[in-house]
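What follows is a short report on a single structure.
The values are calculated or read from the model by the stated rules, or taken from the named source; none is laboratory data. No experiment lies behind these values; they were computed from the predicted model shown. Cβ placement follows ideal geometry from the backbone for every residue including glycine, while neighbour counts extend to all protein chains displayed.
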(Lines give C-alpha, C1' and ligand atoms only; values in the text may rest on other atoms or scores of the structure.)
Protein backbone atom coordinates (compact mmCIF):
# COMPACT_ATOMS: atom_id res chain seq x y z
CA UNK A 1 0.00 0.00 0.00
CA UNK A 2 1.28 3.42 -0.88
CA UNK A 3 2.00 5.92 1.85
CA UNK A 4 -0.55 8.39 0.43
CA UNK A 5 -3.31 5.76 0.52
CA UNK A 6 -2.60 5.07 4.18
CA UNK A 7 -2.80 8.76 4.97
CA UNK A 8 -6.04 9.10 3.05
CA UNK A 9 -7.68 6.15 4.81
CA UNK A 10 -6.55 7.41 8.21
CA UNK A 11 -7.97 10.86 7.56
CA UNK A 12 -11.27 9.39 6.40
CA UNK A 13 -11.38 7.25 9.53
CA UNK A 14 -10.77 10.21 11.84
CA UNK A 15 -13.35 12.27 9.95
CA UNK A 16 -15.99 9.53 10.34
CA UNK A 17 -15.32 9.33 14.08
CA UNK A 18 -15.60 13.11 14.47
CA UNK A 19 -18.78 13.41 12.41
CA UNK A 20 -20.29 10.51 14.34
CA UNK A 21 -19.52 12.19 17.63
CA UNK A 22 -20.97 15.51 16.44
CA UNK A 23 -24.20 13.85 15.30
CA UNK A 24 -24.62 12.01 18.58
CA UNK A 25 -23.87 15.07 20.70
CA UNK A 26 -26.26 17.18 18.62
CA UNK A 27 -29.06 14.66 18.94
CA UNK A 28 -28.45 14.43 22.66
CA UNK A 29 -28.87 18.20 22.98
CA UNK A 30 -32.08 18.07 20.95
CA UNK A 31 -33.45 15.46 23.35
CA UNK A 32 -32.63 17.60 26.37
CA UNK A 33 -34.11 20.65 24.65
CA UNK A 34 -37.36 18.84 23.91
CA UNK A 35 -37.52 17.61 27.47
CA UNK A 36 -37.41 21.14 28.84
CA UNK A 37 -40.15 22.16 26.38
CA UNK A 38 -42.32 19.28 27.56
CA UNK A 39 -41.81 20.18 31.21
CA UNK A 40 -42.64 23.77 30.41
CA UNK A 41 -45.97 22.71 28.94
CA UNK A 42 -46.74 20.98 32.26
CA UNK A 43 -45.83 24.12 34.21
CA UNK A 44 -48.07 26.24 32.01
CA UNK A 45 -51.01 23.91 32.33
CA UNK A 46 -50.69 23.89 36.13
CA UNK A 47 -50.79 27.69 36.16
CA UNK A 48 -53.62 27.70 33.64
CA UNK A 49 -55.54 25.42 35.95
CA UNK A 50 -55.25 27.97 38.71
CA UNK A 51 -56.33 30.80 36.41
CA UNK A 52 -59.36 28.76 35.35
CA UNK A 53 -60.52 28.35 38.93
CA UNK A 54 -60.54 32.07 39.64
CA UNK A 55 -63.72 33.20 37.81
CA UNK A 56 -65.69 30.62 39.77
CA UNK A 57 -64.06 31.63 43.00
CA UNK A 58 -64.77 35.30 42.37
CA UNK A 59 -68.41 34.59 41.55
CA UNK A 60 -68.89 32.54 44.69
CA UNK A 61 -67.32 35.16 46.88
CA UNK A 62 -69.13 38.04 45.16
CA UNK A 63 -72.45 36.66 46.37
CA UNK A 64 -71.59 37.80 49.88
CA UNK A 65 -72.89 41.33 49.71
CA UNK A 66 -70.47 43.19 51.91
CA UNK A 67 -67.38 41.37 50.71
CA UNK A 68 -64.47 43.77 50.16
CA UNK A 69 -64.61 44.89 46.55
CA UNK A 70 -60.97 45.92 46.26
CA UNK A 71 -59.72 42.46 47.26
CA UNK A 72 -61.79 40.93 44.47
CA UNK A 73 -60.71 43.53 41.95
CA UNK A 74 -57.10 42.85 42.92
CA UNK A 75 -57.51 39.16 42.10
CA UNK A 76 -59.28 39.83 38.80
CA UNK A 77 -56.64 42.29 37.68
CA UNK A 78 -53.77 40.06 38.70
CA UNK A 79 -55.37 37.20 36.83
CA UNK A 80 -55.74 39.11 33.58
CA UNK A 81 -52.17 40.31 33.89
CA UNK A 82 -50.89 36.80 34.54
CA UNK A 83 -52.83 35.18 31.71
CA UNK A 84 -51.65 37.97 29.40
CA UNK A 85 -48.07 36.85 29.74
CA UNK A 86 -47.38 33.70 27.81
CA UNK A 87 -44.01 32.20 27.11
CA UNK A 88 -43.20 30.51 23.84
CA UNK A 89 -41.76 27.08 24.62
CA UNK A 90 -39.09 27.70 21.98
CA UNK A 91 -37.91 30.78 23.78
CA UNK A 92 -37.46 29.89 27.42
CA UNK A 93 -34.99 32.70 28.00
CA UNK A 94 -34.17 33.75 31.57
CA UNK A 95 -35.98 37.09 31.01
CA UNK A 96 -39.16 35.44 29.73
CA UNK A 97 -39.28 33.09 32.73
CA UNK A 98 -38.65 35.94 35.17
CA UNK A 99 -41.50 38.00 33.70
CA UNK A 100 -43.83 35.04 33.76
CA UNK A 101 -42.94 34.24 37.34
CA UNK A 102 -43.39 37.84 38.47
CA UNK A 103 -46.92 38.03 37.04
CA UNK A 104 -47.88 34.65 38.46
CA UNK A 105 -46.57 35.37 41.94
CA UNK A 106 -48.57 38.61 41.95
CA UNK A 107 -51.66 36.55 41.27
CA UNK A 108 -50.59 34.16 44.00
CA UNK A 109 -50.35 36.88 46.61
CA UNK A 110 -53.65 38.47 45.51
CA UNK A 111 -55.23 35.07 46.01
CA UNK A 112 -53.75 34.62 49.48
CA UNK A 113 -55.08 38.05 50.44
CA UNK A 114 -58.51 36.96 49.28
CA UNK A 115 -58.34 33.76 51.30
CA UNK A 116 -57.23 35.65 54.39
CA UNK A 117 -60.17 38.04 54.01
CA UNK A 118 -62.56 35.11 53.73
CA UNK A 119 -61.64 34.18 57.30
CA UNK A 120 -63.89 37.04 58.42
CA UNK A 121 -66.97 35.57 56.70
CA UNK A 122 -68.09 32.43 58.53
CA UNK A 123 -71.06 31.89 56.16
CA UNK A 124 -68.79 31.98 53.16
CA UNK A 125 -66.31 29.65 54.79
CA UNK A 126 -69.06 27.08 55.24
CA UNK A 127 -70.36 27.45 51.67
CA UNK A 128 -70.06 24.12 49.83
CA UNK A 129 -69.10 25.79 46.60
CA UNK A 130 -66.36 27.70 48.31
CA UNK A 131 -65.04 24.64 50.13
CA UNK A 132 -64.86 22.83 46.82
CA UNK A 133 -62.96 25.64 45.16
CA UNK A 134 -60.67 25.95 48.13
CA UNK A 135 -59.60 22.32 47.96
CA UNK A 136 -59.14 22.55 44.18
CA UNK A 137 -57.01 25.62 44.71
CA UNK A 138 -54.92 23.85 47.32
CA UNK A 139 -54.33 20.92 44.96
CA UNK A 140 -53.44 23.33 42.18
CA UNK A 141 -50.78 25.05 44.27
CA UNK A 142 -49.25 21.63 44.92
CA UNK A 143 -49.30 20.86 41.20
CA UNK A 144 -47.62 24.16 40.40
CA UNK A 145 -44.90 23.49 42.94
CA UNK A 146 -44.24 19.99 41.63
CA UNK A 147 -44.21 20.92 37.94
CA UNK A 148 -41.97 23.87 38.63
CA UNK A 149 -39.48 21.66 40.46
CA UNK A 150 -39.43 19.19 37.59
CA UNK A 151 -39.01 21.97 35.05
CA UNK A 152 -36.09 23.38 37.03
CA UNK A 153 -34.42 19.98 37.20
CA UNK A 154 -34.65 19.56 33.43
CA UNK A 155 -33.38 23.10 32.84
CA UNK A 156 -30.38 22.59 35.13
CA UNK A 157 -29.54 19.42 33.24
CA UNK A 158 -29.82 21.23 29.89
CA UNK A 159 -27.92 24.32 30.97
CA UNK A 160 -25.01 22.42 32.46
CA UNK A 161 -24.74 20.20 29.38
CA UNK A 162 -24.56 23.06 26.88
CA UNK A 163 -21.92 24.84 28.93
CA UNK A 164 -19.57 21.91 29.47
CA UNK A 165 -16.65 21.20 27.18
CA UNK A 166 -16.65 19.76 24.55
CA UNK A 167 -20.41 19.85 23.92
CA UNK A 168 -20.35 23.58 24.40
CA UNK A 169 -18.62 23.79 20.95
CA UNK A 170 -21.61 22.15 19.32
CA UNK A 171 -24.13 24.04 21.44
CA UNK A 172 -22.70 27.43 20.44
CA UNK A 173 -22.27 26.38 16.79
CA UNK A 174 -25.94 25.31 16.48
CA UNK A 175 -27.44 28.04 18.62
CA UNK A 176 -28.44 26.22 21.82
CA UNK A 177 -28.91 28.97 24.36
CA UNK A 178 -29.07 29.04 28.10
CA UNK A 179 -32.62 28.83 29.45
CA UNK A 180 -34.16 30.41 32.51
CA UNK A 181 -35.60 28.69 35.53
CA UNK A 182 -37.83 29.57 38.45
CA UNK A 183 -36.22 31.27 41.41
CA UNK A 184 -37.75 30.62 44.79
CA UNK A 185 -40.43 33.24 45.34
CA UNK A 186 -39.60 35.53 48.17
CA UNK A 187 -41.54 34.62 51.26
CA UNK A 188 -43.28 31.76 49.50
CA UNK A 189 -40.71 28.99 49.82
CA UNK A 190 -43.58 26.91 51.16
CA UNK A 191 -46.86 26.22 49.46
CA UNK A 192 -49.37 28.94 50.40
CA UNK A 193 -51.34 27.79 53.37
CA UNK A 194 -54.89 27.21 52.19
CA UNK A 195 -56.17 25.70 55.39
CA UNK A 196 -59.70 24.99 56.47
CA UNK B 1 -25.29 13.36 57.22
CA UNK B 2 -25.39 15.74 60.12
CA UNK B 3 -28.30 13.78 61.57
CA UNK B 4 -26.17 10.70 62.11
CA UNK B 5 -26.20 11.19 65.85
CA UNK B 6 -29.97 10.81 65.89
CA UNK B 7 -29.53 7.34 64.44
CA UNK B 8 -27.59 6.36 67.52
CA UNK B 9 -30.30 7.60 69.83
CA UNK B 10 -33.41 6.21 68.18
CA UNK B 11 -33.84 2.45 68.12
CA UNK B 12 -33.25 0.58 64.92
CA UNK B 13 -36.43 0.23 62.89
CA UNK B 14 -37.42 3.82 63.38
CA UNK B 15 -35.49 4.91 60.29
CA UNK B 16 -38.49 4.70 58.04
CA UNK B 17 -40.68 6.55 60.48
CA UNK B 18 -39.68 9.78 58.84
CA UNK B 19 -41.20 10.14 55.38
CA UNK B 20 -38.02 11.81 54.12
CA UNK B 21 -36.05 8.60 54.63
CA UNK B 22 -38.43 6.75 52.32
CA UNK B 23 -37.02 8.66 49.36
CA UNK B 24 -33.68 6.92 49.81
CA UNK B 25 -34.95 3.61 51.13
CA UNK B 26 -35.62 0.58 48.92
CA UNK B 27 -39.09 0.51 47.35
CA UNK B 28 -41.34 -1.87 49.30
CA UNK B 29 -42.71 -4.82 47.43
CA UNK B 30 -46.20 -4.54 48.87
CA UNK B 31 -49.10 -2.11 48.79
CA UNK B 32 -49.49 -1.54 52.54
CA UNK B 33 -46.41 -0.45 54.48
CA UNK B 34 -47.05 0.27 58.14
CA UNK B 35 -43.79 1.92 59.16
CA UNK B 36 -45.20 3.68 62.19
CA UNK B 37 -46.82 0.47 63.41
CA UNK B 38 -50.37 1.69 63.94
CA UNK B 39 -51.94 -1.43 62.42
CA UNK B 40 -51.90 -4.98 63.70
CA UNK B 41 -50.35 -7.57 61.35
CA UNK B 42 -53.82 -8.96 60.62
CA UNK B 43 -55.18 -5.53 59.75
CA UNK B 44 -52.21 -4.94 57.48
CA UNK B 45 -52.83 -8.22 55.65
CA UNK B 46 -56.53 -7.43 55.37
CA UNK B 47 -55.88 -4.07 53.73
CA UNK B 48 -53.13 -5.52 51.57
CA UNK B 49 -55.47 -8.17 50.20
CA UNK B 50 -58.28 -5.71 49.65
CA UNK B 51 -56.00 -3.42 47.63
CA UNK B 52 -54.33 -6.32 45.87
CA UNK B 53 -57.71 -7.58 44.72
CA UNK B 54 -58.51 -4.16 43.38
CA UNK B 55 -55.14 -3.79 41.66
CA UNK B 56 -55.51 -7.22 40.11
CA UNK B 57 -58.95 -6.51 38.68
CA UNK B 58 -58.49 -2.92 37.53
CA UNK B 59 -54.68 -2.40 37.39
CA UNK B 60 -55.23 0.71 39.55
CA UNK B 61 -52.75 0.53 42.40
CA UNK B 62 -53.82 2.09 45.69
CA UNK B 63 -51.07 2.04 48.27
CA UNK B 64 -51.08 2.85 51.98
CA UNK B 65 -48.03 4.05 53.89
CA UNK B 66 -47.88 5.07 57.52
CA UNK B 67 -44.99 7.02 59.00
CA UNK B 68 -44.58 8.89 62.26
CA UNK B 69 -43.68 12.24 60.76
CA UNK B 70 -43.08 14.03 57.48
CA UNK B 71 -40.00 15.67 58.94
CA UNK B 72 -41.48 19.13 58.62
CA UNK B 73 -42.33 18.85 54.92
CA UNK B 74 -45.71 19.66 53.44
CA UNK B 75 -47.41 16.26 53.56
CA UNK B 76 -48.95 16.64 50.09
CA UNK B 77 -45.62 17.35 48.45
CA UNK B 78 -43.66 14.61 50.20
CA UNK B 79 -46.44 12.12 49.46
CA UNK B 80 -46.47 13.02 45.78
CA UNK B 81 -42.70 12.84 45.70
CA UNK B 82 -42.62 9.37 47.25
CA UNK B 83 -45.46 8.15 45.01
CA UNK B 84 -43.64 9.40 41.91
CA UNK B 85 -40.40 7.81 43.08
CA UNK B 86 -42.05 4.46 43.72
CA UNK B 87 -43.97 4.78 40.44
CA UNK B 88 -47.28 3.56 41.84
CA UNK B 89 -49.78 2.71 39.12
CA UNK B 90 -49.24 1.62 35.55
CA UNK B 91 -46.93 3.29 33.09
CA UNK B 92 -48.84 5.37 30.50
CA UNK B 93 -52.01 5.15 32.60
CA UNK B 94 -50.65 6.86 35.71
CA UNK B 95 -53.41 5.24 37.73
CA UNK B 96 -51.74 5.09 41.12
CA UNK B 97 -52.91 6.46 44.44
CA UNK B 98 -50.98 6.83 47.68
CA UNK B 99 -52.57 7.27 51.11
CA UNK B 100 -49.97 8.59 53.53
CA UNK B 101 -50.57 8.78 57.27
CA UNK B 102 -48.18 10.70 59.52
CA UNK B 103 -49.41 9.43 62.86
CA UNK B 104 -47.41 11.67 65.18
CA UNK B 105 -48.00 14.76 63.05
CA UNK B 106 -51.67 13.70 62.96
CA UNK B 107 -51.89 14.35 59.23
CA UNK B 108 -53.12 12.32 56.31
CA UNK B 109 -52.73 12.94 52.59
CA UNK B 110 -54.14 11.20 49.55
CA UNK B 111 -52.31 11.78 46.29
CA UNK B 112 -53.45 10.39 42.97
CA UNK B 113 -51.67 9.98 39.68
CA UNK B 114 -52.39 12.04 36.57
CA UNK B 115 -54.62 9.31 35.17
CA UNK B 116 -57.02 9.38 38.13
CA UNK B 117 -57.42 13.15 38.26
CA UNK B 118 -60.55 13.24 36.06
CA UNK B 119 -62.34 10.83 38.43
CA UNK B 120 -60.88 11.56 41.82
CA UNK B 121 -60.94 15.34 42.04
CA UNK B 122 -59.20 17.20 44.82
CA UNK B 123 -62.56 18.10 46.34
CA UNK B 124 -63.74 14.49 46.38
CA UNK B 125 -60.48 13.47 48.01
CA UNK B 126 -60.89 16.23 50.57
CA UNK B 127 -64.42 15.04 51.32
CA UNK B 128 -63.29 11.45 51.74
CA UNK B 129 -60.62 12.57 54.18
CA UNK B 130 -62.86 14.88 56.18
CA UNK B 131 -66.05 12.82 56.32
CA UNK B 132 -64.87 9.21 56.10
CA UNK B 133 -61.34 8.91 57.40
CA UNK B 134 -60.88 11.57 60.05
CA UNK B 135 -63.85 10.59 62.26
CA UNK B 136 -62.13 7.22 62.81
CA UNK B 137 -58.66 8.68 63.12
CA UNK B 138 -59.86 11.02 65.83
CA UNK B 139 -60.65 7.92 67.86
CA UNK B 140 -57.25 6.36 67.07
CA UNK B 141 -59.06 3.77 64.93
CA UNK B 142 -56.57 3.82 62.08
CA UNK B 143 -57.61 0.52 60.57
CA UNK B 144 -61.26 1.43 60.02
CA UNK B 145 -60.30 4.91 58.88
CA UNK B 146 -58.01 3.47 56.23
CA UNK B 147 -60.54 0.80 55.32
CA UNK B 148 -63.39 3.22 54.67
CA UNK B 149 -60.95 5.59 53.01
CA UNK B 150 -59.69 2.93 50.60
CA UNK B 151 -63.22 1.68 49.98
CA UNK B 152 -64.45 5.21 49.27
CA UNK B 153 -61.69 5.74 46.73
CA UNK B 154 -62.62 2.46 45.09
CA UNK B 155 -66.28 3.53 45.08
CA UNK B 156 -65.38 6.85 43.49
CA UNK B 157 -63.36 5.15 40.79
CA UNK B 158 -66.20 2.70 40.21
CA UNK B 159 -68.66 5.58 40.09
CA UNK B 160 -70.71 4.49 43.09
CA UNK B 161 -69.54 6.89 45.79
CA UNK B 162 -72.49 8.86 47.17
CA UNK B 163 -70.55 11.19 49.46
CA UNK B 164 -72.62 10.26 52.48
CA UNK B 165 -70.25 10.78 55.30
CA UNK B 166 -70.85 10.13 58.96
CA UNK B 167 -70.84 6.36 58.74
CA UNK B 168 -69.24 6.33 62.13
CA UNK B 169 -72.38 7.16 64.08
CA UNK B 170 -75.54 5.09 64.24
CA UNK B 171 -76.11 1.41 63.78
CA UNK B 172 -75.81 1.56 60.02
CA UNK B 173 -72.02 1.47 60.24
CA UNK B 174 -72.09 -2.07 61.55
CA UNK B 175 -74.43 -3.17 58.81
CA UNK B 176 -72.34 -1.62 56.10
CA UNK B 177 -69.14 -3.14 57.44
CA UNK B 178 -70.87 -6.49 57.64
CA UNK B 179 -71.92 -6.09 54.01
CA UNK B 180 -68.35 -5.35 53.06
CA UNK B 181 -67.19 -8.42 54.92
CA UNK B 182 -69.67 -10.58 53.01
CA UNK B 183 -68.50 -9.14 49.71
CA UNK B 184 -64.90 -9.75 50.68
CA UNK B 185 -65.63 -13.35 51.63
CA UNK B 186 -67.31 -13.90 48.28
CA UNK B 187 -64.25 -12.48 46.56
CA UNK B 188 -61.98 -14.74 48.55
CA UNK B 189 -64.10 -17.77 47.71
CA UNK B 190 -63.98 -16.95 44.02
CA UNK B 191 -60.22 -16.56 44.16
CA UNK B 192 -59.67 -19.70 46.13
CA UNK B 193 -61.89 -21.80 43.95
CA UNK B 194 -60.12 -20.53 40.88
CA UNK B 195 -56.73 -21.27 42.32
CA UNK B 196 -57.69 -24.66 43.63
CA UNK B 197 -58.92 -25.68 40.18
CA UNK B 198 -55.66 -24.61 38.60
CA UNK B 199 -53.65 -26.42 41.23
CA UNK B 200 -55.80 -29.50 40.92
CA UNK B 201 -55.53 -29.90 37.21
CA UNK B 202 -51.80 -29.47 37.27
CA UNK B 203 -50.82 -31.59 40.18
CA UNK B 204 -53.70 -33.91 40.56
CA UNK B 205 -54.13 -32.95 44.14
CA UNK B 206 -55.40 -29.99 46.19
CA UNK B 207 -58.96 -30.58 45.14
CA UNK B 208 -60.12 -29.26 48.46
CA UNK B 209 -63.26 -27.35 49.22
CA UNK B 210 -62.58 -23.59 49.03
CA UNK B 211 -64.45 -23.17 52.26
CA UNK B 212 -62.06 -25.48 54.05
CA UNK B 213 -59.18 -23.38 52.81
CA UNK B 214 -60.89 -20.28 54.00
CA UNK B 215 -61.30 -21.66 57.49
CA UNK B 216 -57.85 -23.17 57.71
CA UNK B 217 -56.19 -20.01 56.57
CA UNK B 218 -57.76 -17.94 59.28
CA UNK B 219 -60.25 -16.11 57.12
CA UNK B 220 -58.23 -13.83 54.99
CA UNK B 221 -54.55 -14.67 55.08
CA UNK B 222 -53.78 -15.75 51.59
CA UNK B 223 -50.14 -14.85 51.24
CA UNK B 224 -48.22 -17.25 49.12
CA UNK B 225 -51.37 -18.91 47.89
CA UNK B 226 -51.22 -17.99 44.27
CA UNK B 227 -52.56 -14.82 42.67
CA UNK B 228 -49.92 -15.51 40.09
CA UNK B 229 -52.60 -15.67 37.44
CA UNK B 230 -52.91 -11.90 37.77
CA UNK B 231 -49.76 -9.92 37.97
CA UNK B 232 -49.15 -6.36 36.92
CA UNK B 233 -46.26 -4.04 36.77
CA UNK B 234 -42.65 -4.26 35.74
CA UNK B 235 -43.41 -6.64 32.95
CA UNK B 236 -44.91 -9.37 35.04
CA UNK B 237 -42.21 -9.69 37.67
CA UNK B 238 -43.55 -11.80 40.50
CA UNK B 239 -42.33 -11.90 44.02
CA UNK B 240 -41.90 -15.28 45.58
CA UNK B 241 -43.85 -14.30 48.66
CA UNK B 242 -47.17 -14.09 46.90
CA UNK B 243 -49.22 -11.57 45.06
CA UNK B 244 -47.83 -8.14 44.55
CA UNK B 245 -45.81 -7.72 41.39
CA UNK B 246 -44.31 -4.34 42.15
CA UNK B 247 -45.30 -0.82 41.30
CA UNK B 248 -45.78 -0.31 37.62
CA UNK B 249 -44.40 3.06 36.53
CA UNK B 250 -47.15 5.60 37.19
CA UNK B 251 -46.41 9.30 37.56
CA UNK B 252 -47.85 11.88 39.94
CA UNK B 253 -48.36 15.59 39.61
CA UNK B 254 -49.75 16.80 42.92
CA UNK B 255 -53.43 15.95 42.57
CA UNK B 256 -55.05 15.17 45.89
CA UNK B 257 -55.76 16.64 49.29
CA UNK B 258 -54.82 16.37 52.93
CA UNK B 259 -56.36 16.77 56.35
CA UNK B 260 -55.33 16.71 59.98
CA UNK B 261 -56.98 15.59 63.18
Single residue of B:101, B:67, B:108 found to be within 25 Å of residue A:143 (Cα to Cα), within 14 Å of another protein chain (Cβ to nearest Cβ) and buried (at least 22 other Cβ atoms within 10 Å of the Cβ):
B:108
Test for residue A:193: is it more than 22 Å from residue A:81 (Cα to Cα), modelled with pLDDT under 90 and more than 14 Å from chain B (Cβ to nearest Cβ):
no
Take the residues of the stretch B:124-133 that are surrounded by 20 or more Cβ atoms within 10 Å (Cβ to Cβ) and more than 15 Å from residue B:98 (Cβ to Cβ): which is nearest to the other protein chains (Cβ to nearest Cβ)?
B:126
Does residue A:134 count as more than 29 Å from residue A:22 (Cβ to Cβ), within 14 Å of chain B (Cβ to nearest Cβ) and either crowded, with 21+ Cβ neighbours inside 10 Å or in contact with a strand residue (DSSP E or B) (Cβ under 9 Å, 6 or more places away or on another chain) (or both)?
yes
Condition broken by residue B:117, with the remaining ones in (1) without any contact (Cβ under 8 Å) to a residue 60 or more places away in the chain; (2) farther than 26 Å from residue B:24 by Cβ; (3) surrounded by fewer than 24 Cβ atoms within 10 Å (Cβ to Cβ); (4) in contact with a strand residue (DSSP E or B) (Cβ under 8 Å, 6 or more places away or on another chain) satisfied
(1)
If you go through the stretch B:33-47 one residue at a time, do you hit one that is touching a residue at least 60 places away in the same chain (Cβ under 8 Å) and surrounded by 24 or more Cβ atoms within 10 Å (Cβ to Cβ)?
no
Residue B:132 - would you say it is without any contact (Cβ under 8 Å) to a residue 40 or more places away in the chain, in the same structural domain as residue B:161 (by TED's automatic domain parsing) and closer than 20 Å to residue B:31 by Cβ?
yes
Is it fair to say residue A:55 is surrounded by fewer than 18 Cβ atoms within 10 Å (Cβ to Cβ) and within 15 Å of the chain's Cα centre (by Cα)?
no
Which of the residues spanning the stretch B:76-99 are within 14 Å of residue B:257 (Cβ to Cβ) and in contact with a helix residue (DSSP H, G or I) (Cβ under 7 Å, 6 or more places away or on another chain)?
B:76, B:77, B:80, B:97, B:98, B:99
